[in-house]
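Trainee: Have a look at the structure that comes next, please.
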Amino acid sequence: MMTEDWIIGFVWGIGTISDARLYIRYHDRELLQTIAETINTRSRPFSPTVGKIGLRIRLDHPFCQKLLQLGWTGRMDKSRLYPTGEIDHIEFIRGYCYTKSVVDTWKRKTRKGDVIRSPRLRIYGSQDIVYHIDQYFAKNIGTTPKKPALHTTKQGDCWVIYYLSIKEIPVLVSILELSQKSIQKQ
């Protein structure tokens, strides 16, 4: 069941402000429809261009007001902060990681020089957001604290935390309820 805090995390990751409205773009029309129904808005998903799906919600809507009260600034703000205020942190993190995490494999060498593949979980975002997510995991799940690393691409810079432990990754994937869609193979 999708909670409002899950939706807040989801929007925190991909929402933006355009024309005095919250604008959520995502490829899954059914998910956007469920979000619209859950937050009780009359807005419905639409296709602004071929292959794109979006949902626009007026900023005076109670959900948008709650986002703003929690400190949300939109995905274009590279120094976005983790929410301040009352929120179910694990639900927020699940919603955020729905679009801002990747589970895949990476190659590493053993001491004997053998190359093996190991699982990896990456979570992307602003430095403050990934730091707080990592702190939550360390405190509540017992993961080893990670240091956010700067990730540079053609689209710009962001921060990432890497989970490489074969013991931690299955626990985190289960807790985050990541679907097979988010698990990539290289």
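Trainee: All but one of (1) over 13 Å from the mean Cα position of the chain (by Cα); (2) in contact (Cβ under 8 Å) with a residue 60 or more places away in the chain hold for Gly51, so report the exception by its number.
Mentor: (2)
Trainee: On to the next question. So which residues in region 45-77 are out of contact with any Pro (no Cβ under 6 Å at 6 or more places or on another chain) and among the hydrophobic types (A, V, I, L, M, F, W, C)?
Mentor: Of everything in region 45-77, those that are out of contact with any Pro (no Cβ under 6 Å at 6 or more places or on another chain) and among the hydrophobic types (A, V, I, L, M, F, W, C) turn out to be Phe46, Val50, Ile57, Leu59, Phe63, Cys64, Leu67, Leu68, Trp72, Met76.
Trainee: Something else about it: Is there any pair linking a residue in region 135-152 that is small (Gly, Ala, Ser) to one that is not in a helix (DSSP H, G or I), with Cβ under 9 Å and at least six apart or on different chains, and which?
Mentor: Ala138/Thr144; Ala138/Pro145; Ala138/Lys146; Ala149/Trp159; Ala149/Val160; Ala149/Ile161; Ala149/Tyr162
Trainee: Is it true that Ile14 is in contact with a Ser or Thr (Cβ under 9 Å, 6 or more places away or on another chain) and closer than 24 Å to Arg122 by Cα?
Mentor: Yes; evaluated as a whole, the condition is true for this residue.
Trainee: When the residues of region 143-176 are narrowed to those that are loosely packed, with under 15 Cβ neighbours inside 10 Å and among the hydrophobic types (A, V, I, L, M, F, W, C), which ends up farthest from the chain's Cα centre (by Cα)?
Mentor: The extreme case among them is Ile166.
Trainee: Would you pick out the residues in region 88-112 that are touching an Asp or Glu at 6+ places or on another chain (Cβ under 6 Å) and of a type in the set (Phe, Trp, Tyr)?
Mentor: Phe92
Trainee: Follow-up question, since we're still on this one. Anything in region 63-88 that is touching a residue at least 60 places away in the same chain (Cβ under 8 Å) and not charged (D, E, K, R)? List them, or say none.
Mentor: Of everything in region 63-88, those that are touching a residue at least 60 places away in the same chain (Cβ under 8 Å) and not charged (D, E, K, R) turn out to be Leu70, Trp72, Met76, Pro83, Ile87.
Trainee: Does region 36-73 hold any residues that are over 13 Å from Arg21 (Cα atoms) and surrounded by 12 or more Cβ atoms within 10 Å (Cβ to Cβ), and which are they? It would help to see each step written out before you state the result.
Mentor: Here is the first cut: in region 36-73, the ones over 13 Å from Arg21 (Cα atoms) are 36-40, 42, 44-53, 66, 69-72.
Ala36, Thr38, Ile39, Arg44, Pro45, Phe46, Ile53, Lys66, Gln69, Leu70, Gly71, Trp72 - these are the residues of region 36-73 that are over 13 Å from Arg21 (Cα atoms) and surrounded by 12 or more Cβ atoms within 10 Å (Cβ to Cβ).
Trainee: Of the numbered conditions (1) closer than 25 Å to Thr84 by Cβ; (2) part of a strand (DSSP E or B); (3) in contact with a helix residue (DSSP H, G or I) (Cβ under 8 Å, 6 or more places away or on another chain), Cys158 satisfies every one except a single condition; which is it?
Mentor: Among (1) closer than 25 Å to Thr84 by Cβ; (2) part of a strand (DSSP E or B); (3) in contact with a helix residue (DSSP H, G or I) (Cβ under 8 Å, 6 or more places away or on another chain), the lone unmet condition for Cys158 is (3).
Trainee: Restricted to region 14-35, and to residues that are surrounded by 13 or more Cβ atoms within 10 Å (Cβ to Cβ) and of a type in the set (A, V, I, L, M), which residue is modelled with the lowest pLDDT?
Mentor: Ile17
Trainee: Could you grab the pairs with beta carbons closer than 6 Å, sequence gap of 6+ or different chains, first residue in region 158-172 and at pLDDT 90 or above, second one part of a loop (DSSP other than H, G, I, E, B)?
Mentor: Taking only residues 6 or more apart or on different chains, the pairs are Trp159/Pro148; Ile161/Lys146; Ile161/Pro148; Glu168/Thr143.
Trainee: Another question, then. Looking at Gly51, Gly74, Gly95, can you tell me which residue is of a type outside the set (Phe, Trp, Tyr) and at pLDDT 95 or above? Walk me through it before giving the result.
Mentor: Details: Gly51 fails: at pLDDT 95 or above; Gly74 fails: at pLDDT 95 or above.
Of Gly51, Gly74, Gly95, the one residue that is of a type outside the set (Phe, Trp, Tyr) and at pLDDT 95 or above is Gly95.
Trainee: Would you call Arg94 crowded, with 20+ Cβ neighbours inside 10 Å and among the basic types (Lys, Arg)? Walk me through it before giving the result.
Mentor: Working: crowded, with 20+ Cβ neighbours inside 10 Å: yes; among the basic types (Lys, Arg): yes.
In short, yes.
The values are calculated or read from the model by the stated rules, or taken from the named source; none is laboratory data. Just so it is clear, the model here is predicted, and its values are computed rather than measured. Cβ atoms come from the backbone with ideal geometry, glycine included; neighbour counts cover every protein chain shown.
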